1. For the subset of segment A:29-50 comprising residues that are of a type in the set (A, V, I, L, M, F, W, C) and buried (at least 21 other Cβ atoms within 10 Å of the Cβ), which member is farthest from residue A:76 (Cα to Cα)?
2. Taking the stated definitions as given, is residue A:79 away from chain B (no Cβ under 14 Å), free of Cβ contacts under 8 Å to residues at least 24 places away in the same chain and either part of a strand (DSSP E or B) or over 37 Å from the mean Cα position of the chain (by Cα) (or both)?
3. Can you tell me how many residues in segment A:140-177 are in contact with a Gly (Cβ under 7 Å, 6 or more places away or on another chain) and among the small types (Gly, Ala, Ser)?
4. Could you identify the single residue in A:191, A:238 that is open to solvent by 10 Å² or more (accessible area, probe 1.4 Å), hydrophobic (A, V, I, L, M, F, W, C) and either part of a helix (DSSP H, G or I) or out of contact with any Pro (no Cβ under 7 Å at 6 or more places or on another chain) (or both)?
5. Could you list, in sequence order, all residues of segment A:721-756 that are within 7 Å of another protein chain (Cβ to nearest Cβ) and open to solvent by 30 Å² or more (accessible area, probe 1.4 Å)?
6. Identify all residues within segment A:460-489 that are out of contact with any His (no Cβ under 8 Å at 6 or more places or on another chain), surrounded by fewer than 23 Cβ atoms within 10 Å (Cβ to Cβ) and either within 13 Å of residue A:441 (Cβ to Cβ) or modelled with pLDDT of 80 or more (or both); write none if there are none.
7. Being within 11 Å of another protein chain (Cβ to nearest Cβ) and either open to solvent by less than 10 Å² (accessible area, probe 1.4 Å) or in a strand (DSSP E or B) (or both) is the filter here; which residues of segment A:765-779 pass it?
8. Does segment A:646-668 contain at least one residue that is of a type outside the set (Phe, Trp, Tyr), at pLDDT 85 or above and out of contact with any Leu (no Cβ under 9 Å at 6 or more places or on another chain)?
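The values are calculated or read from the model by the stated rules, or taken from the named source; none is laboratory data. Computed from a prediction, not measured in an experiment: that's the story for all the values here. Glycine also receives a Cβ, built like all others from the backbone with ideal geometry; neighbour counts cover every protein chain displayed. Surface accessibility is based on the protein's heavy atoms, side chains included, excluding ligands, DNA and RNA. Shrake-Rupley method; radii C 1.70, N 1.55, O 1.52, S 1.80 Å.
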Amino acid sequence: MPGKLKAKIVAGRHLPVMDRASDLTDAFVEVKFGNTTFKTDVYPKSLNPQWNSEWFKFEVDDEDLQDEPLQITVLDHDTYSANDAIGKVYIDIDPLLSSEAATVISGWFPIYDTIHGIRGEINVLVKVELFNDLNRFRQSSCGVKFFCTTSIPRCYRAVMVHGFVEELVVNEDPEYQWIDRIRTPRASNEARQRLISLMSGELQRKIGLKVLEMGGNAVVGYLQCFDLEGESGLVVRAIGTACTLDKLSNTYTPATAINPCNSSPSKDIKEAGFGEEAPGVPLSSGPPTPLRAQTFSSFSPSKSYSRQSSSSDTELSLTPKTGMGSGGSAGKEAGPLKALLRQQTQTALEQREFPFFTLTSFPPGFLLHVGGVVSARSVKLLDRIHNPDEPETRDAWWEEIRQEIKSHAKALGCHAVVGYSESTSICEEVCILSASGTAAILSSRFMQDSALDTEHRFEDLMSPGCAFCHIPYDELNMPFPAQLTYCHCCRRYKVPDVLFTTIDLPTEANVTGKGCLIQARLCRTKKKAQGEGNATAISNLLPFLEYELHTQLMNKLKLRSMNALFGLRIQISVGENMLLGLASATGVYLTALPSPGGIQIAGKTPSDITYEQHISNMQKKINDTIAKNKELYEINPPDLVEEVIGSPIPEPRQRSRLFRSHSESSDEVSELDLSHGKKDAFVLEIDDTDAVEDIHSLLTDAPTPPGFYSCNTEIMPGIYNWTSALQMFTSVRVFRLSNVNLTNQGLNKVFNDLCENLLKSLYFKLRSMVPCCLCHVNFTVAVPEDELIQVAVTAVAMSFDKDQTQENGRQSIDKNLMKAITENEDQLQFPLELSAESSSNPLNSAKGLSEVSGPLPSARAPSVDYSSFTDRCSSWIEQLRLKAHTIRCGSIKTMSSLEKASPLPEGRSRSLRSNRSYAGSSVTVVKMTPLSFIPGTKIIKYLGIINMFFIRETTSLREEGGVSGFLHSFIAEVFAMVRAHVAALGGNAVVSYNMKECVFMENPNKNQAQCLINVSGDAVIFVRESELEATPPQPHSASAQTSSSGEGT
Amino acid sequence: MRRMSMELDVFVGNTTIIDEEVYQLWLDGHSVSDAVRMRLESDALSECEASGEVLHSDTMDQYRTFQMCERLLHCPSKLANQLLFQIPAHRQAMLIERYYEFDHTFAREVLGKKLSKGTKKDLDDISLKTGVALKSCRRQFDNFKRVFKVVEELKGPLVENVQHHFLLSDSLARDYAAVVFFANSRFETGKRKLQYLSFQDFAFCAGQLISYWTVGAVDNMMEDMDVDLEKEFLHDLKDLKVLVNDKDMLDQHKSLVCYQLKGKIKAFSEMEANFKNLSRALINIASKLTNTKDVRDLFIDLVEKFIEPCRSDKWTVGDLTLFLTHYTSTAHTLEMFRFQILWERYMGVIKSCILKMYHD
């Protein structure tokens, strides 16, 4: 008997009146697990019953513990007729099965009824006693931790990343069983909820077993979805990344451990006279965020690495591969060592069937190169699943798609796919399966058990801000036509002109300016058809849809003068008579990639003057928009190339010759770059009305209102000083197309307006949070019925401190310096002077700097470190006044990470906190966010995965405020139930929250509606960083930072 | 041509967003379209450049939120421990306070009336008369009724009961106490002669009555209710008749007052001439208070029997203050007068009520 589950029913409150005569309720509770049921006594005539029951004990297999939810039903006792159900609570006890998660579930749970919604609350206590089970052939996988978070969770470190795990289970959908005709909607809904809960549990257990087989102990980036295939069944499927995680027992130690690694290289650098070279070498290998740095500290070889770096006289932190001594010529594929490494990784990956990773951000040094987005879709006809125990067809379908993805990745010269996800869209019996990810080359570091030799560490540690952009494929054998240039950062390796990815922006990436949400929207009509004909029609349309989405994305990207997309997510939704395509991504300007050319319009038909005029007008508009956008997003890539060439300062270059053998080639590179320069404007040909329409739609995207930014990635490059104010929200809109005979263009416009208006409304709603950024904006579209388009958005609005945007940038500069020169107090003056100089005279200093340093991303960019190591402090100030002639961009350790960690000066954050701590409320405040972190806080414990599925139905739609009233209260109820579960686990936040499904169906004529919602996330406990700082074992780096900011302000 | 129509449009935040401005529009009983129009016209939003469409969506959303919250606002203590809406405590307090705030012009009309269905039917007229939207009138009336129902049977101090059960601010709780008190005792406030009195005037008087004439006022054990005047006290008031029935005492009282006031008030001669009438008026009011009917007429009696004569003699407020002060204090020096405490308790309230009510 491997486990004992104990439950105690304490009390209820706010129960509904069940007896009209007395206006009271005689409530009792049934507690059910598996096939065992217990009952409490009836607590007569009260809306706030105090049952205070005994402990109900269930002796069960741990397999059941994983699969089954604890089911609590509150009923009203009726002497003469059947007892009426008030509502139910399902409690997933999985979090109690892992020793590191929650130990007890205790709290108030909303009593939920699928017809009436929340009806009062019940206070429950649940505990589990697990016995040691030595059975090797067990079917359970208790103890495997699950995380929705698509990065290594914050208080763990990754020992190993094993790779892809997937599983799916199928069943008949209770809603389509014959019995559904005779049972009540409530019974049917409950059967469905229970079934999906069971299937989820089973799925999780099976995936857990796979993880144990692989030798892992956790699944990260766990994504579970269900497909309602109607008649043909119900599929619950999940993918994830198996890992071996180590809990960081003391969260402070790593911080101290990382410190030498952060600071000592610069110390060594100083001694080696090291920061002086590298004209045109971009600064800033952005260090990982502090949390992540801590998390992986044990992998950052600290001392040994520094020593090595100084002895080899190479600038590891700046130019990744030069230190390898291969002298590999620029742009060519890899030196021998790299090849070797790649081989090793290759073999490590080849052992896996699918080298896929659901992670979107990575431990430093893990992601080496990114090839581009790979995606595959296939259209299938659904048929009844005959044998639920052998869901072979569905497995085969996904297998096929994954193979395709794998081969795409290979074509891009990549051995792995990261940021991988899968989705479906179902309409009647047609199902589109989609998978997408980003082809990438990974370091073997987290994939092999063997001890790593120094060389490995070597390369692993070097993840400068440009390496991931370098093409992984063979330039002579390119998989697709692309314009390659030399990397604008290191000038050694080739980079593509644009880069699309599905992952988050790597923390170390060099970005110029800020990013923004870019969406391509497309609507295509389709003839109504049946069966195979329908499937064929859809698959014929798909390539066009994808092509057009891609073109739109590209145009919009150019219009914003950006050159890379992150977090790209393309959703294609199929309806009876139309296909919807929505691509969302976050556009940024990667410093390493070439500046995008403008958009040039070419009229094809040589014709009259008015036409020419029209075209030139449009061209002007486009040019103006580009200019405006550049300003808006602060994209001022320095025109470095010419200046480097014409640089009148010989000194640094001489030195660089001294120190680096490649300097000559790098100069050549610069020249090459120049020739590539600006000539390649993107040409849009207007040869038909479609194109005109395209351009129109291009220009009609309303700019975000002042004070707002938006992105669909975790965070926005260029914003660091988040306050703790955050607001997660879900917004849903359904539009009815009243004119059925719309053209493609008409439809497009409708769809486009729909999304734009929704965004506008969001900005208006959240205006009190300005300046703020909508992060992780996640759009989902659906075609629930013939003439309906449904758009749902979940995102989090996070405020930041505008006034500090610039200062903080400067402060971070200060702090960088501080890092480099920790001991000498006199030198503290320097950074202050520097920041004063650059702010008062930004043009001059920027120019002065760029003369020397090349791609210096404006004084504002926080990732820049100006540090001169040639001379000591006394002369620095003087030199500065001479227009920074002698400032060279040297070794860079940005501290932007630390900024993120504690975005506010202490006083401010404290005041914010005090504002938020109100007395009197008995309900725990639970924050929810789709991000994996909460700014200004530290997650100290993961309590388990939240994966909840609810159905709500009404037969009195009008009385509940129509469809909007119905859905509004349902979403609020779902939030409430998520919060209650988290609070009962002892948590105060949900991170990586995701509303995976929101299926809404209505029948206004019958006054009915039904909605299904599936949400997931990780329940966590967080503490404010300011509170952490107060605790005695201060991390070294944090104290350094505090002092520096103290001095700096 | 509109090619599409919005079928459904919702926004739900993890923390419930509440726009105070829209909340007020909702409370004031404006329809969604009115509210949108008013918001469009207001300056506050001009910088947002919000279109009518955006405002309509936002207003609908807010109205829906308020409607969903309304159920909870009916029992404010529930708002703090409900799970459906995550609302910071200070916002909860704002929601409650604003919901229970009422228009004094409206309250003035309802004051002293039975909070019943019958009165509710008159709300149309009240709405017309006061200019308060009917919807808002209904809310305010229901609030009165709800508060009344809850505290009616409760023991202990009225104001505290209101505050405790409805989590209102002190001043609002006092106003409610007044409304409840008036509704319970059904004081006459509607007569033409009383029309000049505002809600605040009555609320003040109610405060006085609650503080000094109820059981709770003397008995700190809070055993009894605060809503009713103390029967025993009212009965004892009959004893004060001696002041006018005993001829000697009346004369002595008059001369003492005249002695004190000579040269100090302008209306001295009028006072001297009228003293016996005025004193008789006040004592008669006191002695009749055992009758429920006469309790109801307390204010009209005060106005007719005392305030109007003074007003017609053009007493100033100062005159009146001095008169009442000395009228009260000199009674203590009367040798044969044994009801000092009773007298003080009666006159203290009467004096402050009269002074509050003595204006145009």
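1. A:33
2. Details: away from chain B (no Cβ under 14 Å): yes; free of Cβ contacts under 8 Å to residues at least 24 places away in the same chain: yes; either part of a strand (DSSP E or B) or over 37 Å from the mean Cα position of the chain (by Cα) (or both): yes.
Here the answer is yes, as residue A:79 does meet what is asked.
3. 1
4. Values: A:238 fails: open to solvent by 10 Å² or more (accessible area, probe 1.4 Å).
Every option except A:191 fails the conditions.
5. A:736, A:738, A:739
6. Matches in segment A:460-489: A:474, A:484.
7. Quick first cut of segment A:765-779, residues within 11 Å of another protein chain (Cβ to nearest Cβ) only: A:765-770.
Matches in segment A:765-779: A:766 only.
8. Residues of segment A:646-668 of a type outside the set (Phe, Trp, Tyr): A:646-658, A:660-668.
Filter once more, so that each one left must be at pLDDT 85 or above: none.
No, because not a single residue in segment A:646-668 is of a type outside the set (Phe, Trp, Tyr), at pLDDT 85 or above and out of contact with any Leu (no Cβ under 9 Å at 6 or more places or on another chain).
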